[in-house]
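The values are calculated or read from the model by the stated rules, or taken from the named source; none is laboratory data. Please read these numbers as outputs of a predicted model, since none were measured by experiment. When we count neighbours, we look across all protein chains shown, and the Cβ atoms used for this are built from the backbone with ideal geometry, even at glycine.
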Amino acid sequence: MADFRRWILALAMLVLVLGSVAPASAQVQQAFACTANAAVPPTIRQEGITELTGDIVLNCVGGTPTPTGTPIPTANFTVFLTNPITSRVLSAPITEALLLIDEPTVSQQKVCTNPTNPTASCAAVGSAIPGSSFATNGDFNTYQGIVTGPNAITFLGVPVDAPTSPSSPARIFRMTNIRANASTSPVNVAGVSYVQAFISASSSTSVPINNPSPIVGFIAKGLNFSAVGSGQTFLQCESASSATVATLTYTENFATAFKNRVAQIPSTVPPQGVPGQIYNTESGLIQVSAVGNTSTIQAGLADWGTRFSATFSNLPSGISLAVDAVASSPSGTTGQYQAVFIGTSATVADPSPYGQPAVPATPVDLTPSIVYASGGGSTGTVTAVWEVISDNPSAIDTFAFNVYLTYTGAPGNPGSPTVSGTALPNVVGGFAPTSSNGTWPYIPVFVPPSAAPTNLFSVAICQTILLFPYVTDFPGFDTGIAIGNTSKDSLPAGMTASQQSGPCTVSFFGGVGSDTGFTDTSGNIGTSGVYSTTAANTFGTGVIGPGQTWAFELAGIDTSLTSSTFMGFTGYAIAICNFQYAHGYAFVSDYGLNKFSTSYVALVIPDAARTATANICSASAGTFGCAPTGEQLEH
């Protein structure tokens, strides 16, 4: 009897357990739902207006497939960004932004022909074949976004259908080619910021979206520019032939800041058409059948690779400026040029000659390119532009371009080339092209560089500065001054001076004599304390020619000499002659040379174009060197 009771109890428990299990056909179907994520949020350039953000991917599971032959419900997916959206508008309001269903291959992509009214032209019906997808069932699976606001793009009439069976792969909606103006987000103290997306869906059927606000891009400064070796001073009277005045260096701030136009895969036509593939180029997913495409513009295709600019300003007349035509990055392929000269500002917006289908390993012309050649005018501005045609996305790329100066010196014609004044020739480097108002007719485009200009070089007039330490016409005394132009030599080769002509100006510093000492500065020499060859009678042109000497007496130019209160001048004089190889001589004596006379050779003070060095040098470790001083006074 006890055994029978135990069997009864076991049987009751079995019935209880079996009764709690429902048949499979009675299980509750999981609701259709999508989870959003940014597949690979890239680092994008803070200087960029048309930066390609990361793809937004919706993985959708659950729900009941639409019965075969029944119209599939549709939804409108809208993407909002924290930054202005700058995807190219192909035919307003249709853009290059794409939504692809179920990752179709290049040959499987079927573009909806009416992005603004897709239900009229691109309707889809259910196909309950297990394992089928929009990539394989022949329905439209590629939809273009339309502009619905400065920060919004909407994909209209997208068919939303559950996977054909619980065991089928998730339904995938990929949104790509969404570009953003990263320059509107200043980087934080850590040097970075980010772009965030917000995804919404409006439809006749429920499309819940989990994680609807993913980060789609991190923002950081993309370019570091420097002009090394700049600031040299050239003499106007001495010619320069392809003299290197600076090396312009463009360095990535992160490894993928520099990009070529498209992936160089000649066997793939069209290139860059695989959803989810990371190409690290300026182009996105290229769709050659998109609505609004032209013969030169295609959805996803950039106009060119990353471009660099160097804007030269305040360039003098009478010179030519050239830049390197090619450059290679140390991280690049040995023997291959990775950046090439495109042209000047006049051609900066021309379509790229590089990128499809392959890049030439060696451009034809490697000669430095002349970007500025002036035959007149006082100043000039020009922008040189280079384009990246190959880069290394796994390393920091650096491209360097030399700048060369050429001109013919004019020793007999001071001012050609134009002598630099306060506005010195300068250069500013950055990305190209630029837009100051945030518009984007091209891809990529950037904001203008914010760095201050760097002095490139200067042209100084050829001068000799002479110091006469003591001059006087104190009553009973006088000083004679002579300045000779010694540039008419016939010495052996290598020692011959270039013949130069120019005026001289002598300025006097000191005061008039008095019973209490030389403290009164109210007197004058001539009319203004300045005497020049242009005021002398010696030369009709006011210019001292090679081999000529200009001489005068201090008493002969002192307009106060006949005054009843004449006290005379005592002080020193500085002569500035606009030619090299000037030398001076002074003779001081009493009237009639009765009791006193002395003479000296004027001292030479270096001008701003030449470094002053001591006249006495010392040997050190077998080498001979001179330490600089403030003046180099010598006879």
### Query
Just wondering, is there one or more residues in the stretch 316-324 that are crowded, with 24+ Cβ neighbours inside 10 Å, modelled with pLDDT of 90 or more, more than 30 Å from residue 43 (Cβ to Cβ) and not assigned by TED's automatic domain parsing to the domain that holds residue 53?
yes
### Query
Among the residues of the stretch 535-554 satisfying the criterion of being out of contact with any Ser or Thr (no Cβ under 8 Å at 6 or more places or on another chain) and at pLDDT below 85, which is surrounded by the most Cβ atoms within 10 Å (Cβ to Cβ)?
536
### Task
Exactly one condition in (1) surrounded by 13 or more Cβ atoms within 10 Å (Cβ to Cβ); (2) at pLDDT below 90 is not met by residue 600; state its number.
(2)
### Query
Of these, 31, 120, 97, 12, which one is modelled with pLDDT under 90, in contact with a Gly (Cβ under 8 Å, 6 or more places away or on another chain) and among the small types (Gly, Ala, Ser)?
31
### Task
Go through the stretch 227-262 and count every residue that is closer than 27 Å to residue 445 by Cβ and surrounded by 16 or more Cβ atoms within 10 Å (Cβ to Cβ).
17
### Subset of the stretch 389-415 (residues that are surrounded by fewer than 20 Cβ atoms within 10 Å (Cβ to Cβ), outside any strand (DSSP E or B) and of a type in the set (Gly, Ala, Ser))
394, 395, 410, 412, 415
### Message
I want to confirm something. Restricting to the stretch 327-340 and keeping residues that are surrounded by 17 or more Cβ atoms within 10 Å (Cβ to Cβ) and in contact with an Asp or Glu (Cβ under 9 Å, 6 or more places away or on another chain), which single residue is modelled with the lowest pLDDT?
### Response
332
#### Entry: Cβ-Cβ under 9 Å pairs, at least 6 apart or on other chains, the stretch 60-87 side within 30 Å of residue 297 (Cα to Cα) and at pLDDT 95 or above, far side part of a strand (DSSP E or B) and among the acidic types (Asp, Glu)
83/51; 86/51; 87/96
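Could you please let me know if residue 343 is surrounded by fewer than 17 Cβ atoms within 10 Å (Cβ to Cβ), in contact with an Asp or Glu (Cβ under 8 Å, 6 or more places away or on another chain) and at pLDDT 60 or above? Break it down into steps so the answer makes sense when it comes.
Details: surrounded by fewer than 17 Cβ atoms within 10 Å (Cβ to Cβ): yes; in contact with an Asp or Glu (Cβ under 8 Å, 6 or more places away or on another chain): yes; at pLDDT 60 or above: yes.
When the stated conditions are applied, residue 343 passes them.
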### Message
Let me confirm something: among 257, 243, which residue is over 25 Å from residue 82 (Cβ atoms) and of a type in the set (Gly, Ala, Ser)?
### Response
243
## Note on the structure
Those residues of the stretch 201-226 which are of a type in the set (S, T, N, Q) and either surrounded by 19 or more Cβ atoms within 10 Å (Cβ to Cβ) or assigned to a strand (DSSP E or B) (or both) amount to 202, 203, 210, 224, 226
### Task
Out of the residues in the stretch 82-108 that are of a type outside the set (Val, Ile, Thr) and part of a strand (DSSP E or B), state the one that is farthest from residue 217 (Cα to Cα).
91
#### Entry: Residue list for the stretch 30-77, restricted to those being of a type in the set (Val, Ile, Thr) and assigned to a loop (DSSP other than H, G, I, E, B)
40, 49, 50, 53, 64, 66, 70, 72
### Query
How many residues, within the stretch 277-301, are surrounded by fewer than 24 Cβ atoms within 10 Å (Cβ to Cβ), aliphatic (A, V, I, L, M) and under 25 Å from residue 399 (Cβ atoms)?
1
### Query
Are any residues in the stretch 289-344 closer than 22 Å to residue 279 by Cα and part of a strand (DSSP E or B), and if so, which ones?
299, 307, 308, 339, 340
### Task
Within the stretch 555-597, track down each residue that is crowded, with 16+ Cβ neighbours inside 10 Å, of a type outside the set (A, V, I, L, M, F, W, C) and in a strand (DSSP E or B).
570, 571, 583, 584, 585, 589
### Summary
Given (1) touching a residue at least 60 places away in the same chain (Cβ under 8 Å); (2) surrounded by fewer than 21 Cβ atoms within 10 Å (Cβ to Cβ), residue 92 misses just (1)
### Query
Are any residues in the stretch 466-480 crowded, with 21+ Cβ neighbours inside 10 Å and under 55 Å from the mean Cα position of the chain (by Cα), and if so, which ones?
466, 468
